[in-house]
Amino acid sequence: MAMSWHMMVEFEPPLVACVVSSADYSFGRIAGTKECVIAVPALELASKVVAVGNCSGRDVRKFEKFGLTPAPAERVAPPLVVECFANLECKVADTRFVNKYNLFILEVLKA
């Protein structure tokens, strides 16, 4: 998914807060697996990021459709995105704000 609402909330351990709509396929995946990868794209990928954000993983195999390359992560099950210049392997650290705000607190395990 393309994510726009996120921020750092702590440095040690590194924590990131992100809002994911409960209507999104990604919401169920993150809530269910308690893991995700935040892939940080370069400007050259902007059009692909927009396209990724305008379709659902329920219906589209996004890596294949948009010509992206998955790679195994070291600490979580979801894949890294090779074309991105940074990948943050995360686990859900706190779910207290999920029901009220759809806000997950993620701990970055590896960058």
Inset, instruction - Would you point out the residue of the stretch 49-70, among those that are of a type in the set (G, A, S) and touching a residue at least 40 places away in the same chain (Cβ under 8 Å), that is farthest from I38 (Cα to Cα)? - result: G57
Inset, instruction - Using the structure shown, decide if P70 is in contact with a Phe, Trp or Tyr (Cβ under 8 Å, 6 or more places away or on another chain) and surrounded by 14 or more Cβ atoms within 10 Å (Cβ to Cβ). - result: yes
Inset, instruction - Restricting attention to the stretch 101-111, report how many residues are open to solvent by 40 Å² or more (accessible area, probe 1.4 Å) and either over 13 Å from A17 (Cβ atoms) or of a type in the set (V, I, T) (or both). - result: 3
Inset, instruction - Might you let me know whether the stretch 81-99 holds any residue that is under 20 Å from V16 (Cα atoms), in contact with a Cys (Cβ under 6 Å, 6 or more places away or on another chain) and in contact (Cβ under 8 Å) with a residue 24 or more places away in the chain? - result: yes
Inset, instruction - Can you give me the number of residues within the stretch 16-54 that are closer than 25 Å to N99 by Cα and open to solvent by 40 Å² or more (accessible area, probe 1.4 Å)? - result: 14
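Considering only the chain, give the strands (runs of 3 or more DSSP E) lying wholly within it that have at least 3 residues that are modelled with pLDDT of 95 or more and within 12 Å of the chain's Cα centre (by Cα).
Per the criteria, 15-19, 35-40, 86-94, 103-110.
The values are calculated or read from the model by the stated rules, or taken from the named source; none is laboratory data. Please read all numbers here as calculations on a predicted model, not as lab measurements. Note: ideal-geometry Cβ built from the backbone for every residue, glycine included; neighbour counts use all protein chains shown. Ligands, DNA and RNA are stripped out before the accessible areas are found, and what is left, the full protein with its side chains, is counted by its heavy atoms. Shrake-Rupley method; radii C 1.70, N 1.55, O 1.52, S 1.80 Å.
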